Amino acid sequence: QVQLVESGGGLVQAGGSLRLSCAPSGRGFSINAMGWFRQAPGKQRELVATAASGGASTYADSVRGRFTISRDNAKNTVYLQMNSLKPEDTGVYYCNALMKRDWSSVFITYWGQGTQVTVSS
């Protein structure tokens, strides 16, 4: 079953913007840290940005200053605002969350299915 769902990917021209969203597919989850990874064609998956439960964020050097990660804890949702997109940003973007079921005390890592981002030149 899918427990994290991403949305917001698409095709944009260089210099354009997209906003990705990620949230659990159902009720009964509690989330600690969340983040975004991406996998470009022919390359390995890499970390893009993270947001800790306390609000602190980190970014890959390649996206710092252009991308912004944010959270809406009331909605259990994480966002990735991507501005000034470049062709090298093209890839499948995956949401990641340290998450648990409400009935459990154990946090584990969950992954979304990925959403395609394509930046044309």
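In table form, for the structure just shown:
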| item | result |
| --- | --- |
| Residues satisfying the stated conditions in the range 87-121, i.e. among the charged types (D, E, K, R) and either assigned to a strand (DSSP E or B) or surrounded by 14 or more Cβ atoms within 10 Å (Cβ to Cβ) (or both) | 89, 100, 101 |
| Selection count where residues are part of a loop (DSSP other than H, G, I, E, B), more than 16 Å from residue 117 (Cα to Cα) and among the aliphatic types (A, V, I, L, M), scope the range 28-74 | 3 |
| Restricting the range 1-27 to residues that are outside any strand (DSSP E or B) and polar (S, T, N, Q), the residue that is farthest from residue 93 (Cα to Cα) | 1 |
| Residues of the range 1-40 classified as open to solvent by 30 Å² or more (accessible area, probe 1.4 Å), out of contact with any strand residue (DSSP E or B) (no Cβ under 7 Å at 6 or more places or on another chain) and under 16 Å from residue 85 (Cβ atoms), total | 1 |
| Of all residues in the range 58-69 being surrounded by 15 or more Cβ atoms within 10 Å (Cβ to Cβ) and farther than 13 Å from residue 37 by Cβ, the one that is nearest to the chain's Cα centre (by Cα) | 68 |
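The values are calculated or read from the model by the stated rules, or taken from the named source; none is laboratory data. Since we're looking at a predicted model, the values are computed, not measured. Heads up, the Cβs are rebuilt from the backbone with ideal geometry, glycines too, and the neighbour counts pull from every protein chain shown. These area figures cover heavy atoms from the full protein model, side chains too; ligands, DNA and RNA do not enter into them. Shrake-Rupley method; radii C 1.70, N 1.55, O 1.52, S 1.80 Å.
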